[in-house]
Every structure is written in structure tokens, then in C-alpha cells.
Amino acid sequence: MSKRFDHDEEGIAELLRQLPPAPADWVAAAKQLPAARAGLDALVARAEADVELRRRVVAELDAALQSEGIEPEERVVEELRRRLDA
């Protein structure tokens, strides 16, 4: 059996206000997401249109991301690998 809580918008806002602030690192990472996604999208689009670029990107995923100004974190590298079927 699960509990059911009914809160209106004000009640939810009050509960959210009671939470501690998000860690600064989380906030900084969240701010970088839109630019990273756009850079990743652009890189994938160019790699799909250019066979030689695709070969270079697949061979050096970390370097390709860095050249786009994207930090080559493990999950970003895995996403690029998935999107390029590499």
C-alpha cells in the first residue's frame, strides 16, 4: 500500500523551499548541459555527413569532443559512441 499526498502548488513550493540548496557542482554541470548537447548534436551531424570526419571522430572520441569544447566525460563519450554506432 502506498501513501498518497495531495499538495497544491503553494504546498509544493513550500516543501521545495525547505530543501537544502543544490551543490554548486551540480548547478554548474546543469548550466553546461545545453551547450554540451548542442555541440554533441553538431559534431554528430557533421560526422554523419562526412565519412572522413566520422572515421577521425570514431578513432579519437575524446579528442573530437575536446575540439568541440566538450569535456570528454565517460557518459558523454558513451553517448557519442552510441549515436555514431562506434
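Computed values, structure above
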quantity	calculated
In the stretch 54-76, the residues that are of a type in the set (A, V, I, L, M, F, W, C), part of a helix (DSSP H, G or I) and closer than 16 Å to Gly39 by Cβ	Val57, Leu61, Ala63, Ala64, Leu65, Val76
Count of residues meeting criterion [modelled with pLDDT under 90 and within 27 Å of the chain's Cα centre (by Cα)] in the stretch 1-25	0
Counted residues, the stretch 29-55 - those being out of contact with any Gly (no Cβ under 7 Å at 6 or more places or on another chain) and either crowded, with 16+ Cβ neighbours inside 10 Å or of a type in the set (Asp, Glu) (or both)	10
Failed item, numbered, when Ala24 is tested on (1) within 22 Å of Arg75 (Cβ to Cβ); (2) surrounded by 10 or more Cβ atoms within 10 Å (Cβ to Cβ)	(2)
Check on Ala28, modelled with pLDDT of 90 or more and under 13 Å from the mean Cα position of the chain (by Cα)	yes
The stretch 77-86, residues that are in a helix (DSSP H, G or I) and either in contact (Cβ under 8 Å) with a residue 40 or more places away in the chain or touching a Pro at 6+ places or on another chain (Cβ under 6 Å) (or both)	Leu80, Arg83
Subset of the stretch 10-52 (residues that are among the acidic types (Asp, Glu) and part of a helix (DSSP H, G or I))	Glu10, Glu14, Asp25, Asp41, Glu48, Glu52
Residue in the stretch 68-78 that is farther than 20 Å from Lys31 by Cα and not polar (S, T, N, Q) present	yes
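The values are calculated or read from the model by the stated rules, or taken from the named source; none is laboratory data. This one's a predicted model, so the numbers in the text were calculated from it and none came from an experiment. Cβ atoms come from the backbone with ideal geometry, glycine included; neighbour counts cover every protein chain shown.
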